[in-house]
Amino acid sequence: MKISDLGGEFSLIDRLVKKVESDLLIEGIGDDAAVIRWTDDQHLLVTTDMLLDGDHFNTEWYTPYQIGWKSMVANLSDIAAMGGEPMFSFVSIAIPDDMEVEFLDGLYEGMQAATDRYGGAIVGGDTTHGKVLSINIAVLGIVAPEHLCRRGDAEVGDLICVTGPLGGSWGGLELLFKDIREGTTKHLEPDCRLDISSKLAPHVNAMIDVSDGLASEVRHICHMSGTGAVVHHEKVPLHPDAISAGKRLNKDPYRWALGGGEDFELVFTIPPGLLSKVEGFGVIVIGEILPKNEGIQLMKDGESTVLSGGYDHFSE
Ligand code: ADP
Ligand code: MG
């Protein structure tokens with residue numbers, strides 16, 4: 001059987017991994033990071049992501065620095081999504097035989113620039129050889145229990161917000177496919193939102209980062225929270241790079257915002273009464289959490305459709 005026949009990446013994980021019950025485990029599989037009881041006033045967060053040359057990045061478009069930066073940021077973004085702060089990271093790499101040391105210097109400069117900016121110093125890892133450059137990073141973080149923002153914490157009536165404009169990363173990728181370099185920085189060297197995440201966390205209910213596209217992230221929140229939702233198409237903010245790439249390539253940038261990925265902005269839900277606490281951070285309200293029986297909707301021009309789209313490594 002093919003993984004796509006099974007229903008994709010998440011159905012595969014469900015099938016492979018047994019659920020664990022432990023008093024120490026607050027959140028296992030299914031959120032941006034696992035949450036482990038640590039002390040009375042801090043939970044431990046653990047997240048890991050793997051990136052492969054030729055799939056998640058390539059050495060033609062990216063500088064070694066950018067590969068390192070993006071690999072680290074993709075992991076740090078998952079700590080941001082839980083409302084936490086990164087503490088330490090572990091970097092495991094498989095290096096092809098012909099790779100130059102100077103390339104690896106650049107790779108680590110990029111990773112260290114990201115940890116210098118956001119936190120999460122590299123304190124361990126593993127080095128081996130392989131056919132293609134593979135980078136696996138694990139990040140440990142901490143979060144105060146009252147600031148923890150899980151995907152499953154949304155409540156009916158919450159507003160759905162994003163921390164910034166979307167679609168720029170996928171728009172950049174489409175340009176790179178056409179050998180255009182201008183307007184691709186958001187794809188090659190993305191930021192994560194650790195600059196504001198811990199300030200949002202005390203007020204927010206559910207939170208997730210945009211790694212697979214807005215539609216997919218909203219569906220994750222709904223599935224984990226047992227709710228429905230409505231996203232208003234015209235309120236979804238587009239990144240300027242998405243708009244200009246859309247014009248240049250004659251494609252619809254909303255498709256990239258809803259179904260692309262790697263924007264590393266945050267999507268969160270918040271009770272309407274608390275919106276004033278976070279408005280100063282440039283957040284944009286795009287929808288609302290509804291009861292489950294109302295489904296997960298995209299409202300466009302007064303018409304409701306099912307909110308579809310999102311990146312899955314194993315879909316066809
Ligand atoms: P994110 O996009 O936020 O990094 P993922 O979609 O990669 O999250 O993963 C979703 C959840 O599934 C996470 O809790 C992650 O730890 C878990 N997971 C992913 N792959 C595996 C695997 N091979 N074995 C066990 N758990 C996994
Ligand atoms: Mg995530």
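Values quoted throughout were computed directly from the atomic coordinates according to the rules given, and no laboratory measurement underlies them. Predicted model only: the values in this text are computed from it and were never measured. All Cβ positions, glycine included, derive from the backbone under ideal geometry; neighbour counts span all protein chains shown.
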TODO: Identify, among Ser77, Leu24, Val285, the residue whose Cα sits farthest towards the positive end of the charge dipole of the chain, taking +1 on the Cβ of Lys and Arg and -1 on the Cβ of Asp and Glu, with the dipole about the Cα centre.
DONE: Val285
Open item on the list: What distance in nm separates the two pseudo spin-label positions at Ser4 and Ile243, each 7 Å out from Cα along the beta-carbon direction?
Closed with: 3.5
TODO: Restrict the search to the range 92-160; then list the GluC sites (Glu not before Pro) that DSSP places in a loop and that have at most 14 other Cβ atoms within 10 Å of their Cβ.
DONE: Glu100, Glu155
Task: Sites Val46 and Val156, calculated FRET efficiency, Cβ-Cβ separation with R0 35 Å, nearest 0.05 - done: 0.70
Open item on the list: When a/c reaches 1.5 or more, the comparison of a/b and b/c decides; with that in mind, is the range 45-143 rounded, prolate or oblate per its Cα gyration tensor?
Closed with: prolate
Task: Simple spin-label estimate for Arg181 and Asp126 in nanometres, 7 Å along Cα-Cβ - done: 3.7
Task: Efficiency of FRET between Leu275 and Thr39 - r from beta-carbon atoms, R0 30 angstrom, step 0.05 - done: 0.40
Open item on the list: Straight-line reach only, C-alpha to C-alpha below 22 angstrom: list the lysines that Lys247 could link to, leaving out same-chain residues fewer than 8 apart.
Closed with: Lys178, Lys186, Lys235, Lys300
TODO: Would you pull out the residues with amide H under 5 Å of Gly125's amide H, same chain only if 5 or more places away, H placed 1.01 Å from N?
DONE: Val91
- [ ] Tell me which residues come under 5 Å, amide H to amide H, from Asp263 once H is placed; ignore anything under 5 positions away on its chain.
- [x] Gly213
Task: Per-residue ³J(HN,Hα) for the range 300-309, Karplus 6.51 cos²θ - 1.76 cosθ + 1.60, θ = phi - 60°, Hz, x for Gly and Pro - done: 9, 6, x, 10, 9, 10, 6, 6, 10, x
Task: For the range 97-113, Karplus couplings with θ = phi - 60° (6.51, -1.76, 1.60), whole Hz, Gly/Pro x - done: 4, 8, 6, 7, 4, 4, 4, 5, 4, x, 4, 6, 4, x, 5, 6, 4
- [ ] Output ³J(HN,Hα) for the range 217-226: one whole-Hz value per residue in order, computed from phi by the Karplus curve 6.51 cos²θ - 1.76 cosθ + 1.60 with θ = phi - 60°, and x for Gly and Pro.
- [x] 5, 5, 4, 4, 4, 5, 5, 6, 9, x
Task: For the chain, size of Cβ-based charge dipole, Lys and Arg +1, Asp and Glu -1, in debye - done: 640
